[in-house]
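These notes concern the structure reproduced below.
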């Protein structure tokens, strides 16, 4: 993307956030990862550039873009305080929620990561899929929502990266202790 005068790119759009390194106090974009997943190197088809980590973390989802109530015509901002992540990576999050935001909606995610304070990141809904969970009295519907992370405050993104690093180390199994007969090695 070629930059022209006044910070506009060749499409005429002004970037939402300054380019990386432009400002340490403001928001920054999450750069694309240059590292590839092991599955990609092994030849297994993988569309994602970053590995996903399974994690059921509490998250509060708030829409940034206003919605209009179809019945009353009033404008509102949706908030879902008790959602959960299913998996996450450096560039995206998969959520399980009751009422999914519309595709293309920008959202504020407040992730509650153990060992860290709440981490606020901005994302955009890329896909939703409604699924049914069998229950005692029939099936209960829920949605899986794919959210692409767009950016956040530099400190929040550093905490998010630290948390992902801790999740990676949890994926690696600890070395097994081997007991020998008679206590000999």
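The values are calculated or read from the model by the stated rules, or taken from the named source; none is laboratory data. This is a predicted model, so every value here is computed, not measured. Counting neighbours? That spans all protein chains shown, and the Cβs are built from the backbone with ideal geometry, glycine included.
If you check every pair at least six apart or on different chains, which have Cβ atoms under 6 Å apart with a residue in segment 48-71 that is within 15 Å of residue 160 (Cα to Cα) first and a residue that is modelled with pLDDT under 85 and surrounded by fewer than 15 Cβ atoms within 10 Å (Cβ to Cβ) second?
Correct list of pairs: 50/33.
Among the residues of segment 148-157, how many are in a helix (DSSP H, G or I), farther than 16 Å from residue 85 by Cβ and either within 14 Å of the chain's Cα centre (by Cα) or in contact (Cβ under 8 Å) with a residue 60 or more places away in the chain (or both)? Steps first, please.
First, pick out the residues of segment 148-157 that are in a helix (DSSP H, G or I): 154-157.
Then drop every residue that is not farther than 16 Å from residue 85 by Cβ, which leaves 154-155, 157.
Now restrict to residues that are either within 14 Å of the chain's Cα centre (by Cα) or in contact (Cβ under 8 Å) with a residue 60 or more places away in the chain (or both): 154, 157.
Selection size over segment 148-157: 2.
Give segment 116-129 a look and list any residue that's in a strand (DSSP E or B) and modelled with pLDDT under 90, or say none.
Taking segment 116-129 first, the residues in a strand (DSSP E or B) are 118-129.
Passing the criteria: only 118.
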